[in-house]
Amino acid sequence: MTEAILAPGDVRIVARAEHREAAIREAGRILVEAGAVRPDYVDAMLEREQTVSTFMGNGLAIPHGTNEAKDSIVRSALSFVRYEEPIDWGGEPVRFVVGIAGVGDEHLEILSRIAIIFSDEDEVQRLLGAASADELVALLSEVNG
């Protein structure tokens with residue numbers, strides 16, 4: 001059986017992050033701890049953010065590594081962190097940071113599923129109101145396909 005793209009242990013509710021870089025490092029650390037990426041992938045996530053903002057709207061940012069970092073991905077996975085306090089993401093408020101690692105082109109399908117969830121304002125409100133990581137996992141179940 002293959003591992004879930006988003007496992008319950010990879011979902012966190014955190015009070016706050018000092019800044020965007022700290023939030024990206026947190027998302028990357030979860031992916032490393034999950035065995036989905038090697039530690040150098042986190043540096044590639046930070047490098048990508050220097051090139052182009054991963055802010056997607058509706059309080060969502062989706063940091064991910066550069067194309068050159070594909071070799072650092074062990075398996076496709078997500079990390080999901082909801083912040084109680086908004087993070088300044090290049091002038092935009094972010095409450096959800098979803099770290100993405102995709103083998104081959106799998107990240108495109110993962111991104112599509114996340115985009116569908118976050119394009120629905122009611123879904124976003126449910127995610128904001130979730131009382132626990134387990135509740136977030138249930139609400140995000142469609143990202144596992």
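The values are calculated or read from the model by the stated rules, or taken from the named source; none is laboratory data. All of these numbers come straight from a predicted model, not from anything done at the bench. Positions of Cβ are generated from backbone atoms using ideal geometry, with glycine treated the same way; all protein chains shown enter the neighbour counts. With ligands, DNA and RNA removed, areas are computed over all heavy atoms of the protein, side chains included. Shrake-Rupley method; radii C 1.70, N 1.55, O 1.52, S 1.80 Å.
Assorted remarks:
- Residue check, Ser141 modelled with pLDDT under 95 and out of contact with any Cys (no Cβ under 9 Å at 6 or more places or on another chain): yes
- Residue in segment 53-68 that is open to solvent by 20 Å² or more (accessible area, probe 1.4 Å), modelled with pLDDT of 95 or more, part of a helix (DSSP H, G or I) and farther than 20 Å from Glu106 by Cβ present: no
- Among residues of segment 1-52 being of a type in the set (D, E, K, R), in contact with a Ser or Thr (Cβ under 6 Å, 6 or more places away or on another chain) and free of Cβ contacts under 8 Å to residues at least 40 places away in the same chain, the one that is surrounded by the most Cβ atoms within 10 Å (Cβ to Cβ) is Arg48.
- Selection count, segment 126-145, where residues are surrounded by 14 or more Cβ atoms within 10 Å (Cβ to Cβ), part of a helix (DSSP H, G or I) and touching a residue at least 40 places away in the same chain (Cβ under 8 Å): 6
- Single residue of segment 15-43 satisfying the filter (touching an Asp or Glu at 6+ places or on another chain (Cβ under 7 Å) and of a type in the set (A, V, I, L, M, F, W, C)) that is modelled with the lowest pLDDT: Ala15
- Note on segment 88-125: residues that are part of a helix (DSSP H, G or I) and surrounded by fewer than 16 Cβ atoms within 10 Å (Cβ to Cβ) total 8.
- Whichever residue in segment 70-87 is in a helix (DSSP H, G or I) and either open to solvent by 10 Å² or more (accessible area, probe 1.4 Å) or free of Cβ contacts under 8 Å to residues at least 12 places away in the same chain (or both) and, among such residues, is farthest from Ala15 (Cα to Cα): Asp71
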